[in-house]
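Heads up, the thing below is written out as structure tokens.
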């Protein structure tokens, strides 16, 4: 038995959050590119080697801030897009919180002191947890509708 799902008009906010995060990701990648030039870390090296580069740690912190955001992006996008079908306003709000927190996560990490990433950036975990709840709620809603 099939279940039809109607996408609410407010889902547009969810889609716009994806666009917002895409711009953040592009900005972070440009920051890594600038750090490559500043700290002389050339391709194909993903990270600087401390024994070869006195500026390895500051560069690696910039690179790691972006890399960590890339690693978390699939879970963020999936939970935002799926959870947003049933809870578009909540998901969009959590998505904006996640995006803003990821900006501060990156900025904090880029200071060269990794613990700085969690001062404001740690709120990304709260936002992601909320998106997981939205997605679980949508899945449960589909299953309950099927049973009723």
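The values are calculated or read from the model by the stated rules, or taken from the named source; none is laboratory data. All values reported here derive from a predicted model rather than from experimental measurement. Every residue, glycine as well, gets a Cβ built from its backbone with ideal geometry; the counts of neighbours run over all protein chains shown.
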**Request:** Being touching a helix residue (DSSP H, G or I) at 6+ places or on another chain (Cβ under 9 Å), touching a residue at least 40 places away in the same chain (Cβ under 8 Å) and over 20 Å from residue 104 (Cβ atoms) narrows it down to one of 41, 3, so name that one.
**Result:** 3
**Request:** Sort through 145, 102 and tell me the only one that's surrounded by 13 or more Cβ atoms within 10 Å (Cβ to Cβ) and either in contact (Cβ under 8 Å) with a residue 40 or more places away in the chain or at positive phi (or both).
**Result:** 102
**Asked** So, of the residues in the stretch 105-142 that are touching a residue at least 60 places away in the same chain (Cβ under 8 Å) and surrounded by 16 or more Cβ atoms within 10 Å (Cβ to Cβ), which turns out to be nearest to residue 38 (Cα to Cα)?
**Response** 110
**Asked** Could you say whether any residue in the stretch 52-69 is within 23 Å of residue 136 (Cα to Cα) and at pLDDT 95 or above?
**Response** yes
